[in-house]
1. Being within 25 Å of residue 60 (Cα to Cα), of a type in the set (Gly, Ala, Ser) and at pLDDT 95 or above narrows it down to one of 129, 147, so name that one.
2. When only residues in segment 48-94 that are charged (D, E, K, R) and not in a loop (DSSP other than H, G, I, E, B) count, which is surrounded by the fewest Cβ atoms within 10 Å (Cβ to Cβ)?
3. So for segment 103-126 (the condition being at pLDDT 90 or above, surrounded by fewer than 19 Cβ atoms within 10 Å (Cβ to Cβ) and not in a loop (DSSP other than H, G, I, E, B)), does at least one residue qualify?
4. From the list 135, 167, which residue is over 23 Å from residue 41 (Cα atoms), under 21 Å from the mean Cα position of the chain (by Cα) and not assigned by TED's automatic domain parsing to the domain that holds residue 60?
Amino acid sequence: MSDTLSPACPATAAAATLALRVRPGTLPRFFPLCQQGFYVKVPKSGSIRAILCHDLGLSPDYLEGRIQTIFLNGKPVDDVDAALVAAGDTLALSAAMPGLVGATMRRGGYLAGFRGNISHRDQDQAVQGGECLVQLKLFNLVTEELGPFFLEQGLWIKAAVLEAFLQHQPEDFWAGLLAAELNREDLDPQALRSVPWPPGEALVHLKVTASPD
């Protein structure tokens, strides 16, 4: 696994690939990876709407109706057309959050003005061209609804995060793995316990598909 990809490298670089086929009940066990943060490849920098709907294939209705709170690099966003995303940026997506904090962070909400200086400002964004990696984090209902979509489509994740995730899984998790393919070669899923993953900031392309036995 000498060819690696890191968030700072061009998105076209080579990396280790892992494809898993799991029982349907096992797929949600991968959702913590979606919350912790994963990377997606997009053709170029662009607005939040363009990246989520045009590049990643989310429904515009889903963006407007379900994703009520968006953070870009830790700052809440109101205008998904004006806020621009570039290589290495982090987008956190959430459904409506409860309470006063949720109402304040909700994009376009009547309490958005109370955020003051923590709101994202368009002029803070430096736009870069060309294919790039963007980090996504999914929360609450968005995790449950979009987690399967991104896992089945395939996502990039830090090798160190994947290794730690696998090392802390109980036996019933491993029983739910039906098949594994590492770097396009069949592998006994149990052997993933001892795979020497790439070091440092290297990324692995992970694809998890749910299917019956």
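1. Among 129, 147, only 147 is within 25 Å of residue 60 (Cα to Cα), of a type in the set (Gly, Ala, Ser) and at pLDDT 95 or above.
2. Taking the candidates together, the pick is 61.
3. No, because not a single residue in segment 103-126 is at pLDDT 90 or above, surrounded by fewer than 19 Cβ atoms within 10 Å (Cβ to Cβ) and not in a loop (DSSP other than H, G, I, E, B).
4. From the options 135, 167, the qualifying one is 167.
The values are calculated or read from the model by the stated rules, or taken from the named source; none is laboratory data. Source: prediction; values computed, not measured. Cβ coordinates were reconstructed from backbone atoms using ideal geometry, including for glycine residues, and neighbour counts include every protein chain displayed.
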